[in-house]
Amino acid sequence: MKINALDHVNIITDDLHGTARFFVDLFGLDVRDAPAPLKPELAQWLYDDAGRAIFHINATEMEQAFKRETPAGPVTGAIHHVALNCSGHDGFVQRLEEKGIDFRLNVLGSIGLRQIFFHEPNGVLLELNFFGD
C-alpha cells in the first residue's frame with residue numbers, strides 16, 4: 001500500500017451553504033452536490049480547477065459513513081476525518097487485520113470507491129479512499 005495524495009478535508013457545519021460559500025469565495029473552488037446516495041441539502045463537495053475534491057462540507061444532521069460525535073463549533077471547527085487517496089486496498093486490509101487494528105469498510109459504488117476507516121493512536125479518524133482499486 002502507498003499513499004498517493006491527501007484526498008480531502010471533511011468539515012461538519014450547522015451552516016452548509018454559508019460554509020461552502022466561504023471556501024468558494026475565498027479559494028475560487030467549484031461547489032457540487034455530493035454523489036448519490038448523499039443528499040445535496042446535506043453534503044456539498046468543493047473542487048479545485050483540476051477536478052479534485054478539496055473539501056467535503058457536511059450538515060450536522062447528515063448521517064456519516066463512520067458515525068462519531070462531531071459537533072460543529074466556531075472556535076476550532078469540527079474536522080470529522082482526514083482522507084487519503086490510496087492504492088493497494090486488499091493488502092492494506094490484510095495489514096490492518098495482522099496488526100489487530102479495528103476498522104470499517106464502506107463502498108460508494110456510484111463512483112467506484114472503496115473506503116477504509118480507522119483511528120490513529122491519538123484518535124484522529126483516517127479515511128483511506130481506493131478508486132477503482
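The values are calculated or read from the model by the stated rules, or taken from the named source; none is laboratory data. Because the structure is a prediction, the values reported are computed rather than measured. Methodologically, a virtual Cβ is constructed for each residue, glycine included, from the backbone with ideal geometry; neighbour enumeration extends over all protein chains shown.
Answer with yes or no whether Ala20 is aliphatic (A, V, I, L, M), exposed (fewer than 15 other Cβ atoms within 10 Å of the Cβ), modelled with pLDDT of 85 or more and not in a strand (DSSP E or B).
So Ala20 does not fit the description; no.
Can you find, within region 83-133, the residue that is nearest to Ala34 (Cα to Cα) among those that are among the β-branched types (Val, Ile, Thr) and crowded, with 16+ Cβ neighbours inside 10 Å?
Ile116
Restricting the search to region 46-72, which residues are farther than 16 Å from Glu127 by Cα, surrounded by 13 or more Cβ atoms within 10 Å (Cβ to Cβ) and either under 12 Å from the mean Cα position of the chain (by Cα) or acidic (Asp, Glu) (or both)?
Leu46, Asp48
Do you know which residues across region 23-40 are in a loop (DSSP other than H, G, I, E, B), over 21 Å from Asn106 (Cβ atoms) and either at pLDDT 90 or above or touching a helix residue (DSSP H, G or I) at 6+ places or on another chain (Cβ under 9 Å) (or both)?
Leu29
Looking only at region 10-33, which residues are in contact (Cβ under 8 Å) with a residue 24 or more places away in the chain and touching a strand residue (DSSP E or B) at 6+ places or on another chain (Cβ under 7 Å)?
Asn10, Ile11, Ile12, Thr13, Leu16, Thr19, Ala20, Phe23, Leu29
Which of the strands (runs of 3 or more DSSP E) contained wholly in region 52-133 include at least 1 residues that are at pLDDT 95 or above?
104-108, 113-119, 125-131
Take Ala43 and tell me if it is surrounded by fewer than 11 Cβ atoms within 10 Å (Cβ to Cβ), at pLDDT 90 or above and either over 26 Å from Asp133 (Cα atoms) or more than 9 Å from the chain's Cα centre (by Cα) (or both).
no
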